[in-house]
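A quick write-up on the structure given underneath.
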Amino acid sequence: MGWNVAAARPYAGADPQQGDMRMNILMVLTSHEQLGDTGKKTGFWLEEFAAPYYVLKEAGHRITLASPAGGQPPLDPKSDEPDAQTDATRRFQADEEAVAALGDTERLADVDPSRIDAVFFPGGHGPMWDLAEDRDVKRIIEALASAGKPVAAVCHGPAVFRRTLGSDGRSLVSGKRVTGFTNAEEETVGLTEVVPFLLEDMLREQGADFSRADAFTPHVVRDGLLITGQNPASSEPAAEALLEALVEETEPAA
């Protein structure tokens with residue numbers, strides 16, 4: 001057993017009787033900045049944060065930013081290079097309020113999952129080292145799954161499912177359809193021997209039904225309340241899939 005769909009209502013942030021359908025959505029970023037033993041920097045991927053941030057914000061939801069260490073999460077410098085920019089990243093860089101919010105993330109240990117309606121994990125290589133092993137990541141994901149609330153992750157973000165368990169003691173993604181940064185994509189960026197594990201292999205080992213599209217093309221998989229995206233190009237559609245899940249879960253039960 002994984003998600004307790006029967007427990008999906010009511011949500012902490014929504015009050016349908018008052019016409020308030022806004023949700024409290026947690027976005028969790030990495031605090032890890034060392035790219036293995038290469039001497040280079042890593043962190044979160046800007047597009048994978050910025051695009052979902054604006055999709056969720058424009059839908060009217062409340063967004064809480066958190067990271068293991070709190071404060072300013074490290075940005076993968078490659079995601080800040082000119083050829084990695086998108087409309088969303090340019091919008092973010094000109095958005096003083098959003099930049100300030102990112103610079104002051106909450107400590108993940110202080111997050112109360114009972115007050116969160118959904119969680120989104122951007123990627124970048126950083127999560128492979130810290131979020132994949134973080135006890136608070138495990139605590140929050142398992143609490144949301146038990147409460148029947150959506151969990152979304154994109155690119156290397158699905159590394160967060162490495163230690164998470166369902167109520168049956170099996171991996172939370174066992175038997176679930178998922179995607180994430182593929183072995184082929186890792187090979188293309190030349191980091192197969194640098195990352196602590198290969199994401200695709202890990203998800204398959206956890207019993208997930210892993211699917212993939214062509215490298216660096218958009219691909220999102222939704223299995224109930226679990227939403228995963230393959231790569232940076234999948235970040236915006238993954239957030240849109242999360243919105244769909246939220247709408248469905250707040251519709252009145254038949």
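Results, tabulated for the structure shown:
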{"quantity": "Within the chain, percent of DSSP bridges classed antiparallel, to nearest 5", "calculated": "30 percent"}
{"quantity": "Around PRO68: net Lys/Arg minus Asp/Glu count, Cβ-Cβ under 13 Å", "calculated": "-3"}
{"quantity": "Residue of ALA241, ALA94, ALA233 that the Gaussian network model of the chain assigns the largest fluctuation, springs spanning Cα pairs under 10 Å", "calculated": "ALA94"}
{"quantity": "Efficiency of FRET from Cβ geometry, ASP87 and ASP168, R₀ 51 Å, rounded to 0.05", "calculated": "0.75"}
{"quantity": "Order of MET128, MET21, MET27, MET202 under a 10 Å beta carbon neighbour criterion, fewest first", "calculated": "MET21, MET202, MET27, MET128"}
{"quantity": "Beta bridges per DSSP with both ends in the range 109-247, % antiparallel, nearest 5", "calculated": "35 percent"}
{"quantity": "Cα principal axis extents for the range 38-123, largest first, Å", "calculated": "39, 32, 20"}
{"quantity": "3J(HN,Hα) from dihedral phi, the range 64-81, Karplus parametrisation 6.51/-1.76/1.60, rounded to Hz, x for glycine, proline", "calculated": "10, 9, 9, 8, x, 8, x, x, 7, x, x, 9, 4, x, 5, 6, 9, 6"}
{"quantity": "Residue exposure sequence - VAL154, VAL119 - by fewest surrounding Cβ within 10 Å", "calculated": "VAL119, VAL154"}
{"quantity": "Cα gyration tensor shape for the chain, rounded if a/c is under 1.5, else prolate or oblate", "calculated": "oblate"}
{"quantity": "The range 172-213 shape via C-alpha gyration tensor axes, a/c threshold 1.5", "calculated": "oblate"}
{"quantity": "Extension gain, ALA109 back to ASP37 (0.36 nm per residue minus Cα-Cα distance, nm)", "calculated": "23.2 nm"}
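We did not get these values from a lab; they are worked out from the coordinates using the rules stated. Please read these numbers as outputs of a predicted model, since none were measured by experiment. In this analysis, Cβ positions are derived from the backbone assuming ideal geometry, glycine residues included, and neighbour counts consider all displayed protein chains.
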